[in-house]
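Right, one structure below, let's go through it.
The values are calculated or read from the model by the stated rules, or taken from the named source; none is laboratory data. Values in this document were obtained by computation on a predicted structure and should not be read as measured data. FYI the Cβ positions are ideal-geometry reconstructions off the backbone, even for glycines, and counts take in every protein chain you see.
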Amino acid sequence: MKGLSRLDAIGQAELVRTKQVSAVELVSAAIARIEAVNPSLNAVITPLFEQALAAARGSLPEGPLAGVPFLLKDLGTGQAGVPQTAGSRALRDFRPEVDNPMVTSYRKAGLIIAGRTNTPEFGNHSTTEPALFGPTLNPWAVDRTVGGSSGGSAAAVAAGMVPAASGGDGAGSIRIPASCCGLFGLKPSRGRASRVPGGEEIGGFNVRHALTRSVRDSAALLDAIAGPVPGDPSFATPPERRYLEEVKRSPGRMRIAWSDRTPLGTAVDPECVAAVHKTAKLMASLGHEVEEAAPEFDAEVMIGPMVLIWAVGNLEDATDAERILGRPLRPDELEETTWELVEHGRRFTALDVFRAVGELSAAARAIAPFFERYDAWLTPTLARPPERLNVLNRSQGGAEEWWRFDCEFNAWNPIANITGQPSMSVPLRWTAEGLPVGSLFTGRFGDEAALFRLAAQLEEAQPWADRVPPVFASD
């Protein structure tokens with residue numbers, strides 16, 4: 001069938017449900033698209049085509065996603081017997097023994113996993129250029145970054161290989177590539193989806209979800225993974241109804257604050273400033289109350305304390321890699337910026353970590369009252385359009401220096417990871433050169449429903465799904 005690459009996941013699943021196509025035909029078409037354009041982009045680094053076809057031949061559950069081909073980010077969603085490298089040369093031969101519970105949830109929803117996507121080492125960069133697999137190229141402009149760390153997933157979806165792919169977000173890793181690749185990307189609230197089998201992450205930065213072209217696909221995918229697992233130490237309040245139902249509801253009149261200034265006072269590209277101004281005007285035209293405002297907090301918490309926690313996380317990753325290998329890591333097995341983070345993490349004591357968590361919690365409490373006055377906060381997703389390759393992955397002389405450099409590009413996203421709030425990048429603008437520029441909306445903790453309703457309204461008012469990049473897998 002022609003035109004499958006233009007359909008979202010729910011649209012593809014509807015064809016299977018109504019027997020217009022079979023799941024095997026749907027997966028075969030996705031494999032053909034991946035084979036056609038992936039050599040130009042390097043998004044899918046582990047094809048799983050035979051397994052996908054076998055799954056498509058089996059029985060499918062009922063549901064809005066049954067039979068849809070899907071890709072998994074090669075970080076945090078392990079599959080039994082399948083390589084999971086986390087973008088690291090140290091783990092090039094690692095194969096988990098069991099499926100991650102989130103993989104099980106995706107399969108229960110009827111998704112068919114066709115491969116794994118490229119990611120920077122340990123998810124560290126705002127770009128996807130690992131030494132292990134090489135850079136993923138942006139289908140909008142192949143000399144530009146796809147963002148990170150879910151960049152392989154973003155490129156695959158933007159190029160029409162599959163309608164949706166998984167991601168994770170510890171400091172913007174869903175929203176950054178969504179902005180760079182012209183996609184919709186929502187970071188859920190902390191605790192919305194369980195982190196099993198892993199323990200409670202220090203700082204609680206990281207959450208998992210997906211990159212999609214349509215808002216309704218994102219809602220359906222969050223429905224598939226949301227909810228606690230017995231024993232979880234904390235979880236977000238369950239939603240009133242399924243998120244897929246929320247996209248059909250009006251957002252009502254919302255009070256929206258907007259800002260084009262970065263918390264750290266760094267420069268913002270005029271294209272990104274113009275994008276947020278135009279989005280604010282669009283919001284006003286839709287009947288929302290819109291005014292310029294931003295939360296007040298000590299923005300330096302985004303540097304020292306957050307880098308400390310991130311570096312300790314890298315030290316944990318490196319220690320896990322040594323346990324898997326049964327030996328110390330060799331100097332050539334981690335990238336320079338990763339070694340800098342690992343060594344930075346070794347400098348601190350448990351008391352230092354405890355104090356850093358306290359500083360981050362104090363910042364979250366300082367920000368919280370702002371969202372008692374406003375329903376959402378609008379900013380650019382990034383301070384610049386997609387950066388050129390071989391910029392964001394380079395050492396700046398040390399872990400803290402590199403992080404501060406990265407925050408000049410990724411200026412707003414880490415705030416929602418500190419607070420645990422939901423936040424979404426919406427693809428509403430493109431530059432004169434045709435590069436996508438996202439608009440970032442951060443909402444109240446636990447209220448993804450309000451963001452989904454708002455996103456659906458924006459999608460209807462200013463549709464983006466028909467806009468495709470120069471590198472696109474038409475069928």
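So, in segment 16-35, how many residues would count as being surrounded by fewer than 21 Cβ atoms within 10 Å (Cβ to Cβ), charged (D, E, K, R) and touching a residue at least 24 places away in the same chain (Cβ under 8 Å)? Of the residues in segment 16-35, 2 are surrounded by fewer than 21 Cβ atoms within 10 Å (Cβ to Cβ), charged (D, E, K, R) and touching a residue at least 24 places away in the same chain (Cβ under 8 Å). Every listed requirement among (1) of a type outside the set (Val, Ile, Thr); (2) within 17 Å of Phe371 (Cα to Cα); (3) surrounded by 15 or more Cβ atoms within 10 Å (Cβ to Cβ) is met by Glu289 save one, (3). What tally of residues in segment 46-91 results from selecting those that are modelled with pLDDT of 95 or more, on the phi > 0 side of the Ramachandran plot and surrounded by fewer than 22 Cβ atoms within 10 Å (Cβ to Cβ)? Within segment 46-91, residues that are modelled with pLDDT of 95 or more, on the phi > 0 side of the Ramachandran plot and surrounded by fewer than 22 Cβ atoms within 10 Å (Cβ to Cβ) number 1. Would you call Ala43 under 25 Å from Leu389 (Cα atoms), in contact with a helix residue (DSSP H, G or I) (Cβ under 9 Å, 6 or more places away or on another chain) and of a type in the set (Gly, Ala, Ser)? Taking the combined requirement at face value, the residue satisfies it. Taking segment 253-268 as the range and being in contact with a His (Cβ under 9 Å, 6 or more places away or on another chain) and part of a loop (DSSP other than H, G, I, E, B) as the test, the residues that pass are Arg253, Met254, Asp260.
When the residues of segment 269-287 are filtered to those that are more than 20 Å from Pro386 (Cβ to Cβ) and not in a helix (DSSP H, G or I), the one that is nearest to the chain's Cα centre (by Cα) is Leu286. Selection over segment 94-133 of residues that are buried (at least 23 other Cβ atoms within 10 Å of the Cβ), among the acidic types (Asp, Glu) and not in a helix (DSSP H, G or I) gives a count of 1.
When every residue of segment 60-72 is checked against the conditions, at least one turns out to be outside any loop (DSSP other than H, G, I, E, B) and over 18 Å from the mean Cα position of the chain (by Cα). Annotation: Glu408 fulfils all but one of (1) over 17 Å from the mean Cα position of the chain (by Cα); (2) closer than 18 Å to Ala178 by Cβ; the unmet one is (2).
Within segment 225-239, being closer than 15 Å to Pro422 by Cβ and either in a helix (DSSP H, G or I) or not polar (S, T, N, Q) (or both) holds for Ile225, Ala226, Phe235, Ala236, Pro238, Pro239. Checked against the criterion of being charged (D, E, K, R), free of Cβ contacts under 8 Å to residues at least 60 places away in the same chain and under 27 Å from Trp140 (Cα atoms), the candidates Arg347, Arg394, Arg388 yield just one match: Arg394. Among the residues here, Lys2 does not qualify as assigned to a loop (DSSP other than H, G, I, E, B) and free of Cβ contacts under 8 Å to residues at least 40 places away in the same chain.
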